[in-house]
Amino acid sequence: MLIVLSLCAALFLAALDVTIVTTAIPTIAEEFNSNVGYVWVGSAYLLANAAFVPTWGKISDIWGRKPVLLSAAGVFWVGSLICGLATSMGMLIGARAIQGIGGGGIIVLVNICISDLFSMRQRGVYFGVLGVVWAVAAAVGPVVGGVFTSKVTWRWCFYINLPISGVGIVVLFFVLKLHNPRTPALEGLRAIDWAGTAAIIGGTLMFLLGLEFGGVSYPWRSPTVICLLVFGALTAGLFVVNECRYARYPVIPMHLFRSRANVAAFAASFCHAFSFISGSYWLPLYFQGVLGVSSLMSGVYLLPYVLSLSLMSAAAGVLIRKTGNYFYLIVGGMLVATVGFGLFYDLPADRRLAKIVLYQIVAGLGIGPNFQAPLIAVQASVGPRDIAAATSAFGFVRQMGTSISVVVGGVVFNNEMQKQRPRLLAELGPGLADMLSGSSAASSVGVVARLQGDEGRVARGAYLTSLRTMYIVYVAFAALGLVMSLFIGQKQLSKKHTEHKTGLKTLRSRTGR
């Protein structure tokens with residue numbers, strides 16, 4: 001039990017840093033006088049998180065779970081320290097990327113460790129617990145971020161990680177007992193798929209940067225955006241070729257994608273992650289910009305979403321353990337989530353709490369079952385030796401969904417605000433219109449909250465219109481996830497657990513090289 005609690009604590013911190021900044025970002029952007037801060041303080045963490053997930057999973061196959069998990073936690077600790085000490089927006093964004101690198105390792109290694117410790121049937125409960133951890137982090141993150149921002153300083157959003165993660169590293173060092181292959185450093189370094197690692201990191205970064213810059217920092221037809229998107233896609237293609245033909249120990253084995261059920265589970269998970277983060281990340285913008293509440297209260301307003309999500313995630317884990325069935329939970333969850341995000345289009349312009357609470361509960365109940373149920377579906381379709389690779393691929397797909405979601409949401413919102421610039425210019429004047437247009441739109445939420453009378457009504461109306469357009473995108477992805485989930489199917493979950501051994505000997509027996 002102490003092992004599971006320690007793993008949950010590590011995951012909690014990595015998940016907390018996805019949402020703790022959501023209520024602090026407007027203040028951070030205003031302090032550093034940065035128009036790009038609103039999206040990049042969040043997306044830098046998520047982008048680095050996604051890009052490095054497969055690498056962490058593979059090196060844990062080489063050197064073992066425990067030393068790699070402790071290393072990831074150490075990187076996360078260093079990133080948190082630099083974030084707290086940041087003196088500019090550039091320094092903060094860079095530190096958030098370091099945090100993301102470590103956080104990605106924590107997230108994927110916790111899932112892999114649970115898979116190594118428990119049988120397929122038992123994992124449902126523990127994966128459900130991990131889902132609760134995600135939900136609780138999403139719940140308390142905005143609240144804690146709001147408290148620190150309004151009562152102390154936003155820097156404590158990052159300082160809080162230092163003592164907790166420090167204790168977590170010490171506890172895991174003593175209590176986590178998993179197979180240690182004691183792989184020599186040079187042999188391990190030679191076994192890393194360096195070409196694949198560089199390709200997946202580079203391709204991911206280029207593609208997401210192209211999405212981020214498009215339509216805001218540069219026109220969509222600009223050479224910068226086109227080159228980033230095209231070369232990002234080409235690099236992804238080179239990664240696939242390398243993994244199929246040349247990699248001795250692939251970062252992501254391509255045979256994982258030969259099964260229709262696996263492809264469907266990965267796709268459903270991507271859509272789930274894409275939709276889920278829209279609630280935790282963008283609803284605070286609605287609460288602060290449209291309803292005019294404080295950063296602290298925006299965290300409180302978010303509680304119906306994350307609490308319903310948390311309860312449903314735990315219930316789903318128990319149901320999977322008792323029944324062994326995950327298919328209907330996945331499909332039912334995606335169906336309810338699609339309805340819930342569709343209701344977000346009808347979020348009111350005033351504080352009608354009945355609608356605000358009900359809509360969030362519906363969305364949360366739909367999101368809850370699918371944090372880990374698709375992972376169980378993937379693991380049920382592969383052999384024991386591929387569990388870590390499948391879990392890493394699953395984590396990468398989820399983190400890509402989350403990262404792309406934040407970037408796409410920001411692009412849609414800012415572009416929609418840019419479209420409304422003529423009206424804002426006519427009714428608010430050039431000064432306010434410039435602040436509420438393009439890349440500065442989201443970071444100006446504090447300005448919107450302070451506007452009174454007709455000016456406030458116009459600005460809040462523009463925010464609400466842009467947010468509604470954004471949620472059309474999220475509904476579409478939830479619906480796509482529903483369609484893909486129908487192809488996952490159901491397999492019997494084993495109650496037998498066999499210890500998995502890591503190291504080069506196991507990798508060689510898997511690849512035959």
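The values are calculated or read from the model by the stated rules, or taken from the named source; none is laboratory data. Keep in mind that this is a model prediction, so the values were computed, not measured. Neighbour counts are summed over all protein chains in view; Cβ atoms, including those assigned to glycine, are modelled from backbone coordinates with ideal geometry.
Before moving on, here are some points about what is shown:
- None of 273, 261, 337, 316 is within 23 Å of residue 494 (Cα to Cα) and surrounded by 19 or more Cβ atoms within 10 Å (Cβ to Cβ) except 316.
- Residue among 321, 258, 351 that is within 29 Å of residue 440 (Cβ to Cβ) and basic (Lys, Arg): 351
- Region 319-347 residues that are farther than 23 Å from residue 304 by Cβ and touching a residue at least 24 places away in the same chain (Cβ under 8 Å), paired with ones that are of a type in the set (Phe, Trp, Tyr) and not in a helix (DSSP H, G or I) (beta carbon under 8 Å, 6 or more apart): 320/326
- Lone qualifier among 378, 411, 406 - being buried (at least 24 other Cβ atoms within 10 Å of the Cβ), in contact with a helix residue (DSSP H, G or I) (Cβ under 8 Å, 6 or more places away or on another chain), β-branched (Val, Ile, Thr) and within 26 Å of residue 460 (Cα to Cα): 406
- With a requirement of 1 or more residues that are surrounded by fewer than 23 Cβ atoms within 10 Å (Cβ to Cβ), of a type in the set (Phe, Trp, Tyr) and assigned by TED's automatic domain parsing to the domain that holds residue 287, the helices (runs of 4 or more DSSP H) lying completely within region 49-165 that satisfy it span 65-85, 120-151, 156-159.
- On the stretch given as region 439-471, residues that are among the hydrophobic types (A, V, I, L, M, F, W, C) and either touching a strand residue (DSSP E or B) at 6+ places or on another chain (Cβ under 6 Å) or outside any helix (DSSP H, G or I) (or both) total 2.
- Single residue of 172, 176, 211 found to be surrounded by 16 or more Cβ atoms within 10 Å (Cβ to Cβ), under 22 Å from residue 402 (Cα atoms) and either outside the structural domain of residue 253 (by TED's automatic domain parsing) or touching a residue at least 40 places away in the same chain (Cβ under 8 Å) (or both): 211
- Summed over region 240-262, residues that are among the aliphatic types (A, V, I, L, M) and in contact (Cβ under 8 Å) with a residue 60 or more places away in the chain total 4.
- The residues in region 298-318 that are closer than 16 Å to residue 142 by Cβ and either out of contact with any Leu (no Cβ under 9 Å at 6 or more places or on another chain) or of a type in the set (Gly, Ala, Ser) (or both) can be counted, and the count is 8.
- For region 472-513, a tally of residues being at pLDDT 65 or above, surrounded by fewer than 13 Cβ atoms within 10 Å (Cβ to Cβ) and outside any helix (DSSP H, G or I) returns 4.
- The sole residue among 387, 367, 361 that is buried (at least 24 other Cβ atoms within 10 Å of the Cβ), in a helix (DSSP H, G or I) and assigned by TED's automatic domain parsing to the domain that holds residue 278 is 367.
- Output for region 27-48, where each listed residue is part of a helix (DSSP H, G or I) and not aliphatic (A, V, I, L, M): 27, 30, 31, 37, 38, 40, 42, 43, 45
- Any chance residue 233 is crowded, with 16+ Cβ neighbours inside 10 Å, touching a helix residue (DSSP H, G or I) at 6+ places or on another chain (Cβ under 9 Å) and either in a helix (DSSP H, G or I) or acidic (Asp, Glu) (or both): no
- Looking only at residues of region 370-384 that are of a type in the set (A, V, I, L, M, F, W, C) and assigned to a helix (DSSP H, G or I), we find that the one that is farthest from residue 196 (Cα to Cα) is 373.
- Those helices (runs of 4 or more DSSP H) of region 255-348 in which 1 or more residues are under 30 Å from residue 383 (Cβ atoms) and either among the charged types (D, E, K, R) or out of contact with any Pro (no Cβ under 6 Å at 6 or more places or on another chain) (or both) occupy 260-289, 303-323, 327-343.
- Filter pass, residue 91 being more than 15 Å from residue 161 (Cα to Cα) and either of a type in the set (S, T, N, Q) or modelled with pLDDT under 85 (or both): no
- Qualifying residue in region 224-246 (condition: under 29 Å from residue 376 (Cβ atoms), out of contact with any Pro (no Cβ under 6 Å at 6 or more places or on another chain) and at pLDDT below 85): no
Here is a yes/no grid of residues against (1) in contact (Cβ under 8 Å) with a residue 24 or more places away in the chain; (2) in contact with a Cys (Cβ under 7 Å, 6 or more places away or on another chain); (3) among the small types (Gly, Ala, Ser):
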{"position": "408", "(1), (2), (3)": "yes, no, no"}
{"position": "412", "(1), (2), (3)": "yes, no, no"}
{"position": "426", "(1), (2), (3)": "no, no, yes"}
{"position": "430", "(1), (2), (3)": "no, no, no"}
